[in-house]
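What follows is a single structure, and I will ask about it in a moment.
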Amino acid sequence: MRTKFYFGMAILALGLWFLLMPQRAFATFSLSVSPYEGGYDLRFGNINLTADRTNKEVTVSVDSDIGKQYRIIQTLLDPISNAQGITIAQNNFFVYGIRGTNKFGTLGVEQEVPINLGRTIIYTSNTSGTPDSFTLVYSLKGPLEVPPGSYRGRISFTLEPIDTTQAAVRVILNIFAEAEAQSSIEVKTSSGSKIIRLNSGRVEEQSADVLVDIKGGLGTQFRILQVIGQGLVSSEGYQLSEGAVNVMVKEARKGTGLSSATNLSSQRQTLYTSGLRGEAESFIVTYSLGDLSKEKAGRYRTSLKYLLESTGYAKESIIETLTLEVENERVFDLIVTPEMGGTLQFRDLKPQQPPRINEVVLAVKTNIAKPYQVSQGIFSPFTNREGETIAGEYFTLKTESLDTKGVLKYPNKTEVKIGDVVLFVSDKFGSADSFKVIYELAIPPDLHAGDYSTRITYSICEI
């Protein structure tokens, strides 16, 4: 009995010792960072490089009983990069806190700010250090000018006490994103039509613009090529020669294009080469008329294909096909030098003078590709103010070659007859041409001195 008594007293004493022993206090000071979609990583998933933005929410919670003010510091430990070290730029990665999700402290990022490698205070508690929680929104904002692929980064959150020796708490959040290139390239005329129209007879239509809009980066370098069909051919079967149309690229800033007017070629031409990362870009392709003076009149058409060539995609793909149409207006003009105003005149004629000479150059500008002739019309003999005339036998003409391709009808001196005569007939191709007419007026011995003139006209017509 005595043994049991002593054992009971020992148990009682041990219980009193535990009750009276000073208890060791464990302070609470913890931080949790939880993505809204669960897990322990900030996963953006598949991101279109051209998307405006992709948002992900994170809830940050603090549990503390130390009774001291604290703050939370955000630091980007590793920028969001791919295996090759290409990094998503800081101006594409942002954070902001949703106002009102915190109850006691102050959010330091109520306005959206870019995330950088420095320390950013995202939250400061009240002076009592009351536990709190709040929601942050992380945004990847496009367009992202990086290649497609997997990107990773790390961001840390540090819970720091203020004015106490309590140890800081650190949480690391891994970041994952899959960048996808879903860009588009739009090619259209400034009028919205599928036809690029050029017209030699209208100043406002001697050039035309095609607008190229690359929406979203392709993530890798690329080229835009142009290829014409069977050349610019008219309904009559004529074809414009190279140099009849020029092309150049304007307002390209991130890539390079044809910076000066270049002949539109029947071969493949590179219009534009992007930067190394295939950034988004907009520019203008201007088509303009070159020298059409030797081209035949008519309406010329061809197809014009725009191709995309890139190392990161299929070898080649068609972006758009437009029609290029060139209207070379009809030219059929006779130019007389010097201008005579319809009158051939010899002034101050006197007896015994040597013959008078008058030379006229006739030039034909034509692109109609049809034979033609040049005629002369004389309406009266040479006459002075008093009505006195000079007999026709004293007035002769001769046509002279100026590298003339056609046929001259009067290569020898011939008396000029009243009425219409054909001076020249073109070659069978109707080529542009020129020649000289030499008029000679001999002075009759019985001439009454004075000024003598006659009406004269020149005309061209198809034959």
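Looking only at strands (runs of 3 or more DSSP E) that fall completely inside region 302-421, which ones have 2 or more residues that are within 30 Å of residue 207 (Cα to Cα)?
317-328, 332-337, 356-366
Look at region 29-82 and say how many of its residues are among the aliphatic types (A, V, I, L, M), over 30 Å from residue 278 (Cα atoms) and at pLDDT below 95.
Number satisfying all stated conditions: 1.
Quick one: how many residues across region 184-204 are of a type outside the set (Lys, Arg) and in contact (Cβ under 8 Å) with a residue 24 or more places away in the chain?
Residues in region 184-204 being of a type outside the set (Lys, Arg) and in contact (Cβ under 8 Å) with a residue 24 or more places away in the chain: 11 in total.
Just to be sure, is residue 49 assigned by TED's automatic domain parsing to the domain that holds residue 165, over 28 Å from residue 162 (Cβ atoms) and either buried (at least 18 other Cβ atoms within 10 Å of the Cβ) or in contact (Cβ under 8 Å) with a residue 40 or more places away in the chain (or both)?
Here the answer is yes, as residue 49 does meet what is asked.
If a residue must be within 15 Å of residue 455 (Cα to Cα) and touching a Gly at 6+ places or on another chain (Cβ under 6 Å), how many such residues does region 382-435 contain?
Residues flagged as within 15 Å of residue 455 (Cα to Cα) and touching a Gly at 6+ places or on another chain (Cβ under 6 Å) within region 382-435 amount to 2.
Okay, next question. For residue 397, state whether it is exposed (fewer than 14 other Cβ atoms within 10 Å of the Cβ) and not aromatic (Phe, Trp, Tyr).
no
Mind listing whichever residues of region 39-76 are over 45 Å from the mean Cα position of the chain (by Cα) and at positive phi?
Within region 39-76, 39, 67 meet the criteria.
Residues checked against (1) surrounded by fewer than 16 Cβ atoms within 10 Å (Cβ to Cβ); (2) under 30 Å from residue 287 (Cβ atoms); (3) modelled with pLDDT of 95 or more:
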position	(1), (2), (3)
84	yes, no, no
119	yes, no, no
134	no, no, yes
159	no, no, yes
163	yes, no, no
189	no, yes, yes
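Also, I was wondering about something else. Select, from 428, 413, the only residue that is of a type in the set (Lys, Arg), modelled with pLDDT of 95 or more and either touching a strand residue (DSSP E or B) at 6+ places or on another chain (Cβ under 8 Å) or not assigned by TED's automatic domain parsing to the domain that holds residue 374 (or both).
Residue meeting the stated conditions: 413.
For region 341-352, indicate whether the set of residues that are farther than 30 Å from residue 431 by Cα, modelled with pLDDT under 95 and polar (S, T, N, Q) is non-empty.
yes
If we scan region 143-162, do we find a residue that is in contact with a Gly (Cβ under 7 Å, 6 or more places away or on another chain) and either acidic (Asp, Glu) or outside the structural domain of residue 77 (by TED's automatic domain parsing) (or both)?
Yes.
On the given criteria, is residue 299 out of contact with any Cys (no Cβ under 7 Å at 6 or more places or on another chain), surrounded by 11 or more Cβ atoms within 10 Å (Cβ to Cβ) and not in a strand (DSSP E or B)?
no
While we're looking at this one, here's another question. Consider region 259-307. How many of its residues are on the phi > 0 side of the Ramachandran plot and within 21 Å of the chain's Cα centre (by Cα)?
Summing the residues that are on the phi > 0 side of the Ramachandran plot and within 21 Å of the chain's Cα centre (by Cα) in region 259-307 gives 1.
Kindly evaluate residue 320 against the criterion of being assigned by TED's automatic domain parsing to the domain that holds residue 434 and of a type in the set (Asp, Glu).
no
Do you know which residues across region 51-77 are in contact with a Lys or Arg (Cβ under 6 Å, 6 or more places away or on another chain) and of a type in the set (Val, Ile, Thr)?
Scanning region 51-77 gives 73, 75.
Please list, ordered by first then second residue, the pairs with beta carbon atoms under 6 Å, 6 or more apart or interchain, first in region 411-431 and under 19 Å from residue 361 (Cβ atoms), second in a loop (DSSP other than H, G, I, E, B) and among the charged types (D, E, K, R).
422/409; 423/409; 427/405; 431/405
Please pick out the residue among 152, 223 that is within 25 Å of residue 38 (Cβ to Cβ) and of a type in the set (Lys, Arg).
After applying the criteria, what remains is 152.
Now a separate question. For region 247-279, which positions are in a loop (DSSP other than H, G, I, E, B), surrounded by fewer than 20 Cβ atoms within 10 Å (Cβ to Cβ) and hydrophobic (A, V, I, L, M, F, W, C)?
If the condition is that a residue be in a loop (DSSP other than H, G, I, E, B), surrounded by fewer than 20 Cβ atoms within 10 Å (Cβ to Cβ) and hydrophobic (A, V, I, L, M, F, W, C), then 258, 261, 276 are the ones that fit.
Another question about this same structure. Is it the case that residue 223 is among the charged types (D, E, K, R), over 18 Å from residue 327 (Cβ atoms) and in contact (Cβ under 8 Å) with a residue 60 or more places away in the chain?
So residue 223 fits the description; yes.
Out of all the residues in region 345-362, is one or more more than 22 Å from residue 421 (Cβ to Cβ) and among the β-branched types (Val, Ile, Thr)?
Checked against the condition, which is being more than 22 Å from residue 421 (Cβ to Cβ) and among the β-branched types (Val, Ile, Thr), region 345-362 yields no hits at all.
The values are calculated or read from the model by the stated rules, or taken from the named source; none is laboratory data. The model shown is predicted, which means the values in this text are computed figures rather than measured ones. Ideal geometry is used to build each Cβ from the backbone, glycine not excepted, and the neighbour counts take in all protein chains shown.
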